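Participant: Take this structure, written in structure tokens, and hold onto it; I'll ask about it next.
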Amino acid sequence: MAPSLVSSHARRWWTLAVLSIAQLMVALDATVINIALPRAQIALHFSTANRQWLITAYALAFGSLLLLGGRLSDLWGRRNALFVGLAGFALASVWGGSAHSFTMLVAARAVQGLFGALLAPAALAALTVTFGEPKERAKAFAIYGAIGGSGAAIGLLLGGALTQWASWRWCLFINLFFAAIALVGVVLFVQGGKSEHHARLDALGTVLSSAGLFFVVFALSHAVTTSWSNILTWSSLMLGVVLLTLFVLWQRRSSNPLLPLRLLLNRTRAGSLVALFITSIGIFGISLFLAYYLQNTLGFSPMRTGIAFLPLVAAIAFSAFIASARLLAKVGPRPLVPVGMVLGMMGMILFTKLPANSDYVGHVLPGLVVTGLGLGLIFAPATASATAWIEHRDAGAASALVNTTQQIGGSMGTALLNTIAVSVTARALSMRPSAVNATIARAEATKFILHGYAVAFWWAAGFFGVGAVLTFLMLESGVPELEGDLVPLL
């Protein structure tokens, strides 16, 4: 073994630590700003209607450019892509934290999403090609999957702490610490990994995919603030689907495809992508409705709300480390992912019983633990399987496909479940007779809001149930034997 390879092998766990920090920064930034929005709104004097754009700007840039970012990491080399992504993300965070206007803050969030779209697939691609030994790769993806699955909950905790004890601006400035540590780690531990020295970037594929994903993510985000029946929502969604269809047709003809379609032919990879898509719908439902429930119904402070999500983080970590890291290399993903889906379904069902009175231990905690155990069984095996059996030159593209699937799933989950909850609540309130007094009116309104949450959680439970069936049918049994020069499954 060459000295450079020996050195790389010896430093692989440091590489994992660096990539995990980068992944955590990108994952938590999707939610860390949420709790800070009311304080930012007061400071910058923007309307409540415009608050959504601080989330949407990040989601649009991140979601629409992921496939491009993944291919650039293949063309430039994963080390270069990580360096550019981390540096750009940090500078955008400083810009946003220093914002003196709403427009400046929205622009900074969009630039964060742009560099995040380069950073996220590069990090996963680097992890994919770093670990090849079965047991070690299982452990590495268990750690990485636990961090990715916990990112939204950690973001809520960190956002609550920074907003309450420092300033909303530190929800952006905090990225400097993550990025600085990760940048040093990239320089010291991450290998280059440029895999296509003479390939060209697929310009038409880039335009079609970026535009298509932009309109799909925009439509789903627009549905959150308006409705699914809004003409702009449907026209944007249809345009996005048409552009993505043209993109797929073009990829079949392109000599240097942005997304090699051969990546989609493997049953286990397809089943893993389905698992990640459905799980992203469910996890966003948890973070969205439980955050509303804890703060608006139970009266929790932002900090206490973040702490309330810690059992979810602990359960994900426990399940990923204890179960996935030990079993994944022995049995493969098929037994683990469907069981995780069933646990996720059970957790969603527990959340349908949320009461109006403060009973966190009796009604919220059990659902968080059961759901967290299920998510830990899904994220690590599905992420490992979705990036398995690929040529090194396609590692970035496959990693981008994983991130894109999760982003679209999260956007769809937010839009769909929020629309269901709001419409059910509105319909129930419209049928309510006039209340005798304000106290009764508030109690009835809370009851109907909780009913809306319950219906949305039932839908999320249904998604997990369908996911259990699909993943059981699609994922292949056992752990395939290694062959060729491909990145192994485990």
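The values are calculated or read from the model by the stated rules, or taken from the named source; none is laboratory data. Worth saying up front: this structure is predicted, and the values here are computed from it rather than measured. Every residue, glycine among them, receives a Cβ derived from its backbone with ideal geometry; neighbour counts consider all protein chains shown.
Participant: Among the residues of the range 301-312, write down those that are crowded, with 17+ Cβ neighbours inside 10 Å, at pLDDT 85 or above and in a helix (DSSP H, G or I).
Facilitator: Hits for the range 301-312 are 308, 311, 312.
Participant: Where residues in the range 1-59 are farther than 19 Å from residue 122 by Cα and modelled with pLDDT of 85 or more, which of them is surrounded by the most Cβ atoms within 10 Å (Cβ to Cβ)?
Facilitator: Filtering the range 1-59 for residues that are farther than 19 Å from residue 122 by Cα and modelled with pLDDT of 85 or more, the one surrounded by the most Cβ atoms within 10 Å (Cβ to Cβ) comes out as 40.
Participant: If a residue must be surrounded by 24 or more Cβ atoms within 10 Å (Cβ to Cβ) and aliphatic (A, V, I, L, M), how many such residues does the range 69-91 contain?
Facilitator: Total satisfying the criteria: 4.
Participant: Looking at 161, 125, 146, 140, which one is within 28 Å of residue 206 (Cα to Cα), part of a helix (DSSP H, G or I) and either touching a residue at least 40 places away in the same chain (Cβ under 8 Å) or in contact with a Cys (Cβ under 7 Å, 6 or more places away or on another chain) (or both)?
Facilitator: Sole residue among the options that is within 28 Å of residue 206 (Cα to Cα), part of a helix (DSSP H, G or I) and either touching a residue at least 40 places away in the same chain (Cβ under 8 Å) or in contact with a Cys (Cβ under 7 Å, 6 or more places away or on another chain) (or both): 125.
Participant: What is the one condition in (1) within 30 Å of residue 374 (Cα to Cα); (2) polar (S, T, N, Q); (3) at pLDDT 85 or above that residue 206 does not satisfy?
Facilitator: With (1) within 30 Å of residue 374 (Cα to Cα); (2) polar (S, T, N, Q); (3) at pLDDT 85 or above applied to residue 206, the lone miss is (1).
Participant: I'm told residue 347 meets every condition in (1) closer than 20 Å to residue 146 by Cα; (2) surrounded by fewer than 24 Cβ atoms within 10 Å (Cβ to Cβ); (3) touching a helix residue (DSSP H, G or I) at 6+ places or on another chain (Cβ under 6 Å); (4) of a type outside the set (D, E, K, R) except one. Can you identify the failing condition by its number?
Facilitator: Result: residue 347 fails condition (2) only.
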